[in-house]
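The values are calculated or read from the model by the stated rules, or taken from the named source; none is laboratory data. Note that the coordinates shown come from a computational prediction; the quantities given were computed from them, not determined experimentally. When we count neighbours, we look across all protein chains shown, and the Cβ atoms used for this are built from the backbone with ideal geometry, even at glycine. Keep in mind that these areas ignore ligands, DNA and RNA; they rest on the heavy atoms of the full protein, side chains included. Shrake-Rupley method; radii C 1.70, N 1.55, O 1.52, S 1.80 Å.
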Amino acid sequence: MNWTKALFYMFFLAIMGLGVYFYRFVFSYLIAAMMFSYIMDPFVNWFERRKIPRWTSILIVYFLIVSLLVWFGTRLVPILSAQGNNLIELLGSDRSKSVESLLKLPLISNVNEFLQSLDNKIPNLSVQTMFTDLLQKLIVLAHQAPQLLMDNISKIIGTISFVASVPLLSFFLIKDKYKFRKGILDLIPNRWFELALTLIHKVDFTVGRYIRAMLFEVIAVGIMASIAFSVVGVPNPILVGAIAGFFNIIPYFGPFSGFLVAAMSILITGANPLLVIWAALAMWVTQIIDNNIVYPVVVGTTINMHPLIVLLTVIAGGWIGGILWMLISVPLVFIVYSLSRELYTNLKAFKII
Amino acid sequence: MNIFQWLGTILKKPDRYSELKQFGLFSQLNAYELFQISNIITERSFKAGEIIYEQGFPVEAIFLIQKGEVQLKGSNQPGGIRVLGQYQIIGLIDMFNAGTRSCSAHTVSPTSVLAISRTDLSDLIAGNPRLGNKILSSSCELLANRISELNSPV
């Protein structure tokens, strides 16, 4: 390589670096816009097939989404916020009641009596004080948990408003989809053209299908869980069902977390503790329907990730950025994993590595 | 791709995508279908002697020769070598049997080709059965011609 070439490449790299630095705040917007366009794409294609211009179809789909959101918003948000406030109030009043009020609950008082009798039989054991200590800690935790949840819900709502500023970007991404694809392919040298074509399709297919399936899953499980919980009689069924739906993004542990939220809602509202079993049953039925009907129809195959890896991913996501990252870490890792696998097999097939 | 552009293709510039009609594969398509095809087409240009693909590589694209000449080399070609010219299609047979390239292709003269991904094409066909039907019958026609060409005594 001669000097002028080397100099040019250095110049080019410097420009690229500056570009990345300058546009660094925009990447999250762009990624969100891309995700949004993946969700919209099938609908726009549906209209396009019926000879409706692409930009008109996007506007039609936007209009439909907005009207759906408005309709759901006016019907659902008052219920949700009422149920949320209901929960917070209960917890606030619990602060004054503390351990004594919990000890009066039938199940816990039985346990407490048993532990007391154990203490009487075995000297120097003092399990009972440990038990009350544990209860005290649990109450403190329970006080913080909904606040934590509410904080994160405001974060989630913040994300939703961020996404709401994204449709403009998405509009152009969807409208000029073919132009962008041709633009990218024009940059690829002839030797790697077919490889690039294959990879673009794989990315399109994997990411698009996964994002669409995830959204559908969240909505479907949220609705089914809400219905199941209200049938069983869990307090605040719609709020709990919606949270269970969101947690369902995490495979294996998501449904369990949804059940935990339901159990918490039952225990702190002071409803019959037996209801917990019914809630578990409701969640189980929801999962059966989801795993056997919704998921195979929407996604086709399940996420092929070992539970251990899922657990580690969720923990790592939690360390990086709280509940939001816990939710998106598994899809993120899954997408990156399957794309690198595709890259590897295709590079091998085209004899590049 | 939209209805106004499509009307435009009929009213103002009837020959806008008509070059695509020169290819046997798309000879039966109407203006709107040609427009849909043009969305998934990428133009590539090759220098003389450049390799388009090699035997044993995975099949992803079919190539329509716009201008120039391409030489195919492989055991399934009569005499081992075959030269294709303008408005002919490379990779059509490989497209249907899913596996790898059965021959190698390199350019003889400077060539410009239109590349179509077979994934895109099959997606388009899945969404537009009528278009798919036309393309399918055209490709059957091409293959039938090829078979009779091979069977006829030279």
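Odds and ends about this structure:
- Sole residue being away from chain B (no Cβ under 14 Å) and without any contact (Cβ under 8 Å) to a residue 12 or more places away in the chain, chosen from A:Leu215, A:Leu173, A:Leu187, A:Leu168: A:Leu168
- Considering the conditions (1) out of contact with any Gly (no Cβ under 8 Å at 6 or more places or on another chain); (2) open to solvent by 70 Å² or more (accessible area, probe 1.4 Å); (3) within 14 Å of another protein chain (Cβ to nearest Cβ), A:Asn85 is excluded by exactly one of them, (3).
- Exclusive hit being within 23 Å of A:Asn85 (Cβ to Cβ) and at pLDDT below 85, set A:Ile266, A:Ile250: A:Ile266
- Restricting the search to helices (runs of 4 or more DSSP H) fully inside region A:215-321 and requiring at least 3 residues that are open to solvent by less than 40 Å² (accessible area, probe 1.4 Å) gives A:237-247, A:254-268, A:275-289.
- Single residue of A:Val44, A:Val77 found to be in a helix (DSSP H, G or I) and under 20 Å from A:Arg209 (Cα atoms): A:Val44
- Scope region B:23-32; condition more than 12 Å from B:Ile89 (Cα to Cα) and either open to solvent by 20 Å² or more (accessible area, probe 1.4 Å) or within 8 Å of another protein chain (Cβ to nearest Cβ) (or both); matching residues: B:Ser27, B:Gln28, B:Asn30, B:Ala31, B:Tyr32
- For region B:41-71, residues that are crowded, with 20+ Cβ neighbours inside 10 Å, more than 10 Å from every other protein chain (Cβ to nearest Cβ) and assigned to a loop (DSSP other than H, G, I, E, B) total 0.
- Residue in region B:72-85 that is of a type outside the set (Val, Ile, Thr), assigned to a loop (DSSP other than H, G, I, E, B) and within 13 Å of another protein chain (Cβ to nearest Cβ) present: no
- Sub-7 Å Cβ pairs linking a first residue in region A:43-56 that is facing chain B (nearest Cβ under 7 Å) to a second residue that is open to solvent by 40 Å² or more (accessible area, probe 1.4 Å) and among the aromatic types (Phe, Trp, Tyr), at least 6 apart or interchain, are A:Lys51/B:Trp6; A:Pro53/B:Phe4, ordered by first then second residue.
- In a residue-by-residue description of region A:197-209, the property of being open to solvent by 40 Å² or more (accessible area, probe 1.4 Å) and touching an Asp or Glu at 6+ places or on another chain (Cβ under 7 Å) applies to at least one position.
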